[in-house]
1. Sorting check: for 165-176, 83-94, 217-228, which peptide has the highest mean count of neighbouring beta carbons within 10 Å, and how do the rest follow?
2. One-quarter of the Cα convex hull surface for the range 1-111, in nm²?
3. Could you work out Rg/(2.2 N^0.38 Å) for the range 3-65, with Rg from alpha carbons only?
4. Which values of log₁₀ I(q)/I(0), to two decimal places, follow from the Debye formula for the range 33-79 at q = 0.20, 0.33 Å⁻¹ with a uniform point scatterer at every Cα?
């Protein structure tokens, strides 16, 4: 398989190839990089509902090739519970609805939005039964969570991981989390819209102002003439 995250990023004792976790109790791994194609000798086991291969020494891992590209699978909401995607590199788009501790809850793009534009898909909220996706930020990734706010529209790449009854999306670095539209930007755009609307109303008033002035002058002249005629009579 091809390495999709190196040892020591998501945990000291394991890493992932595309499709399964590779585990070593002694943390005994060769130098690996994302894109390395490797062969592995070990025992298949399971941890927290997720399959993994247990190795004994670094000699159980042999590098066959380097620099291979792995494209993430784009997840729609209906895909998120499919077990065949566990331990694979995936990507989601959606809105951050909550942040708590190491968890970021993302409301993803709906699966029935396939036929509409990407913009419409991206900014629609999900109200179906599949619910949000849990994005879990591991300590050693050094991901800066402070730049992500509730309400942000995001695109997140990571490894889909099984944790007992939950599925977690595990980003590997700051580059895996892209803030597409920030909540503050939306507020600024709303304010700009209000300012533009007020400016448009002011422009419309300025266009009509000369007519109001001319009408007022004519009415004043008529009033003066009537007053003059009244005094003469």
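1. On the way: 165-176: 17.1, 83-94: 19.3, 217-228: 10.0.
The most tightly packed comes first, giving 83-94, 165-176, 217-228.
2. Details: hull surface 30.9 nm².
The number I arrive at for the range 1-111 is 7.7 nm².
3. Values: Rg = 10.4 Å, N = 63, 2.2 N^0.38 = 10.6 Å.
Against the empirical 2.2 N^0.38 Å value, I get 0.98 for the range 3-65.
4. Rounded to two decimals, the profile gives -0.89, -1.06.
Taken together, the values in this text are just the output of simple stated rules run on the coordinates, not laboratory data. This structure is a prediction, so every number in the text was calculated from the model and none was measured. All Cβ positions, glycine included, derive from the backbone under ideal geometry; neighbour counts span all protein chains shown.
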